[in-house]
Amino acid sequence: MPSLFTRELGIDLGTCNTVIVEGNQVMVDEPTVVAIVVNEQKIVETGKAARDMYGRVSDTIEVVRPLRNGVIAEYEITEKLLKRMVRNVAGAMMLFPPRIMLTAPYGITSVESRAVHEAGLGAGPREVYIVPQPLAAALGVDLPIMTPSGNMILLLGGGTFQAAVLAMNDVVRAETLRTGGLRMDDAIIDYVRKKYGVIIGQPTAEQLKIKIGAAVPQEIQQTMEVQGQDQVTGLPRPVALTTDDIVDALQEPLQELVNCARRVLERTPPELIADIIDRGVALCGGVALTRGIDKYLTKALGIPAYQVDNPTTCTAEGAARALGMRAALSRSLMPT
Ligand SMILES: Nc1ncnc2c1ncn2[C@@H]1O[C@H](COP(=O)(O)OP(=O)(O)OP(=O)(O)O)[C@@H](O)[C@H]1O
Ligand SMILES: [Mg+2]
């Protein structure tokens with residue numbers, strides 16, 4: 001029963017980005033990054049402002065991602081960050097504490113989900129729930145998961161790849177890989193070092209991936225020149241990369257994703273497989289924006305895969321919606 005004064009927030013705390021949705025509205029969409037004064041553990045900046053400080057500040061300030069592979073790695077910092085973001089949305093005084101639905105990767109340990117729950121409580125809400133991310137994402141892209149028919153989703157984030165089959169408001173089969181878009185950046189860093197003897201940083205690798213990268217060879221080759229550091233001399237050295245370079249570099253992490261999706265399909269009952277072949281596989285999360293990933297996965301899985309319209313916000317949108325469906329979802333919400 002929605003109360004007049006209780007605000008309801010869906011919060012997708014991701015390895016790379018945190019999105020907060022109220023109703024149908026995205027209230028926050030910021031990098032999950034915090035800049036802190038090292039000695040005092042005091043927050044200087046959060047979100048985009050903190051991310052932009054990465055690699056550009058003195059040793060007294062540290063820029064950290066408090067989540068690693070979808071789970072909380074730096075508890076104190078995560079709690080502070082969440083509190084700040086919730087207060088920015090719900091008001092500093094919290095006269096009417098909100099009800100919040102946090103998300104967490106499918107299949108995390110009870111210790112890991114308890115940390116999420118406690119970090120949520122630290123923000124001072126009235127109630128805290130946790131929904132598995134693939135379920136939230138499926139709700140956020142309107143898959144008919146309340147029916148007995150099978151639906152498949154691949155949720156491709158910065159720190160996790162999750163493959164899930166859903167039916168009857170529940171996760172039927174799923175698997176989480178603790179690897180994601182950041183691992184793709186690492187694959188690009190390794191490739192550039194091995195092929196050109198140049199060392200580049202993670203933000204540069206991510207730029208290459210987003211601006212000229214693809215999962216399959218493209219008709220139009222793009223080139224991008226980036227600055228790196230010569231592996232031997234340590235001196236600055238520019239290097240020009242092409243779309244084909246990035247396609248090559250990404251094959252290994254993409255293959256891991258395919259293997260994960262195949263394992264989930266192998267364990268899925270045949271009746272549900274027939275539905276999935278009919279409906280296709282929904283690609284969500286920031287990595288779903290990779291050029292040609294739909295083609296790549298369609299070929300590799302033999303099932304049509306399609307990119308959704310709201311890949312980066314769907315998980316938070318679904319979490320907000322899940323608050324209104326708590327009774328129907330009770331079996332699937334994580335115990336806290
Ligand atoms: N256009 C794009 N092409 C390829 N990758 C992209 C694009 N846009 C964003 N990404 C990647 O998507 C990832 C972030 O996705 P997302 O915000 O869904 O992750 P997250 O929710 O923070 O992480 P997780 O759910 O794994 O904890 C980053 O690795 C980013 O580089
Ligand atoms: Mg995510």
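Values in this text are rule-based calculations from the coordinates and carry no lab data. Bear in mind that the values here come from a model prediction, so they are computed numbers and not experimental data. For neighbour counting, all protein chains shown are included, and Cβ atoms are generated from backbone atoms with ideal geometry for every residue, glycine included.
Quick notes
- MRE, 222 nm, helices only [DSSP H, n ≥ 4, -39500 (n - 2.57), over the chain, to nearest 500]: -11500 deg cm²/dmol
- Shape parameters for the chain, alpha-carbon atoms, Rg then Dmax in Å: 20.4, 66
- Label-point separation in nm, Ala240 to Ala49, each point 7 Å along Cα→Cβ: 4.0
- Cβ-Cβ FRET estimate between Lys295 and Asp170, R0 fixed at 25 Å, reported to 0.05: 0.25
- Ratio Rg/Rh, restricted to the stretch 189-246 and using Cα atoms, in which Rh is the Kirkwood radius: 0.98
- Modelled label reach - Arg114, point 7 Å along Cα→Cβ, the stretch 293-336 residues with backbone N closer than 20 Å: 333-336
- Zone of Arg126's modelled label, taken as backbone nitrogen in the stretch 312-336 under 18 Å from a point 7 Å along Cα→Cβ: 320-327
- Spin-label model, Glu252 to Val57: label points 7 Å out along the Cα-to-beta-carbon direction sit 3.2 nm apart.
- Computed over the stretch 143-210, the ratio Rg/Rh where both radii use C-alpha atoms and Rh is Kirkwood: 1.24
- Stretchable slack from Asn259 to Met146, in nm (0.36 nm times residue separation minus alpha-carbon distance): 37.9 nm
- Inter-label distance, Asn24 to Ala73: 3.8 nm, where each label sits 7 Å from its Cα along the C-beta direction.
- Estimated D of the stretch 1-108 in µm² per second, where Rh is the Kirkwood radius over Cα pairs and Stokes-Einstein applies at 25 °C, 0.890 mPa s: 167
- Note on Met146, Met85, Met334, Met184: ascending count of other Cβ atoms within 10 Å places them as Met146, Met334, Met85, Met184, the fewest first.
- The stretch 143-308: translational diffusion in µm²/s, Stokes-Einstein, Kirkwood Rh over Cα pairs, 4 °C, 1.567 mPa s: 77
- Applying a threshold of 31 Å to the alpha-carbon distances of Lys194/Lys299; Lys80/Lys295; Lys209/Lys299; Lys48/Lys209; Lys83/Lys211; Lys211/Lys299 flags Lys80/Lys295; Lys83/Lys211 as lying beyond it.
- Contact order normalised by residue count of the chain, Cα under 8 Å, 6+ apart, percent: 20
- Relative contact order of the stretch 1-120, taken over Cα pairs closer than 8 Å and 6 or more residues apart, is 27 percent.
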